[in-house]
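Below: one structure, written as structure tokens.
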Amino acid sequence: MAKQILLINDLAGYGKVATAAMLPILSYFGHPTYNLPTALVSNTLDYGKFNILDTTDYIQGVFPVWAELGFSFDAIATGFITTERQARIVADYCREQAEKGTVIYVDPIMGDDGKLYNGVTPEAVNSMRQMVAVAHLIFPNLTEACYLTETPYQPQGISWKEARGMVDKLRKIGAKSVLITSTRVDGQTSVVGYNHLTGEYFLLPYEEIPVHFPGTGDTFSAILIAHHLNGEPLKICTRKAMDALYTLIDLNKDNEDKNRGIPLEQYLGKL
């Protein structure tokens, strides 16, 4: 059954990341998808030069209009948040909608490989904790999970015991279910998970393709959300998203300009 979903994420003019990556996937799966940009970005940050327009004032004006018009959503998925003020406004809206039955998905986009992304400040960590606190499901990568929980980043990876401990720290912030992606657990690249509905911790290993595309986290989350909204168990949704993303990366690994992301519209049938 189709679900109305709102994407609250940045919108890049050049490159398949964030909203530009998620919207075609969720629409392909049959979910009416709407968007509220947290920032307008000239291009993917991987090019090294970019221009960003913060849309916090715009967002603050949108929510009262939507309330007056009676708009509601079955799910909200948030991504890149620009400032603590924006985080507070978005978190308050998500909290209000959650009380009405809306499912809240949060991808705390901040960094990777042990460091924050270009243009992301340390203050963003506090902002993301506000978002995590209202989430039904979060999916940080290992770097973001470390920043959120004030845990030192270990480039060699972590143990299964440490992974479970990090999940529990994220749950203490307020998240119900948790996935930690891009994690090396006991020497194996994996996704770590916790399903609050069953109380199950799980570990899903995968083979890594040694290429980098921006937007793969957004692609993963969109596929995951699409299956989750169809009522499939979290562990199964996660594996389906992992397998689909692997296929997309494998099909595009020889692309000349990887900074623009994966040209998703050409491959929706592979999902």
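Within the accessible area of the chain, the carbon and sulfur atoms contribute 51%, probe 1.4 Å, all protein chains present. Can you give the FRET efficiency to the nearest 0.05 for residue 251 and residue 47, using r as the Cβ-Cβ distance and R₀ = 35 Å? Calculated value: 0.95.
Kirkwood radius, segment 24-76, all distinct C-alpha pairs, inverse of mean reciprocal distance: 13.6 Å. At a probe radius of 1.4 angstrom, the accessible area of segment 1-113 per residue rounds to 44 square angstrom.
Beta bridges from DSSP with both residues in the chain: antiparallel share about 45 percent, rounded to the nearest 5.
Only beta bridges with both residues in segment 4-127 are counted; by DSSP, about 25 percent of them are antiparallel.
Using the Cα centre of the chain as origin and beta-carbon charges of +1 (Lys, Arg) and -1 (Asp, Glu), tell me which of 127, 12, 55 is placed farthest towards the positive end of the dipole. The residue sitting most towards the positive pole is 127. Entry note, the chain: the mean residue ellipticity at 222 nm calculated from DSSP H runs of n ≥ 4, each adding -39500 (n - 2.57), is -12500 deg cm²/dmol after division by the residues and rounding to the nearest 500. Equivalent-ellipsoid semi-axes for segment 171-271 (Cα gyration tensor, √(5λ), whole Å, largest first): 25, 16, 12.
Just need the relative contact order of segment 1-77 here, percent rounded to a whole number, with Cα pairs under 8 Å and 6+ apart.
Relative contact order of segment 1-77: 37 percent.
With +1 on each Lys and Arg Cβ and -1 on each Asp and Glu Cβ, and nothing else charged, work out how big the dipole of segment 26-109 is about its Cα centre, in Debye to the nearest 20. The calculation lands at about 100 debye.
The values are calculated or read from the model by the stated rules, or taken from the named source; none is laboratory data. None of the values given here were measured: they were computed from a predicted structure. As a convention, Cβ positions derive from the backbone with ideal geometry for all residues, glycine included, and neighbour counts pool all protein chains shown. These accessible areas exclude ligands, DNA and RNA; they are computed on the full protein's heavy atoms, side chains included. Shrake-Rupley method; radii C 1.70, N 1.55, O 1.52, S 1.80 Å.
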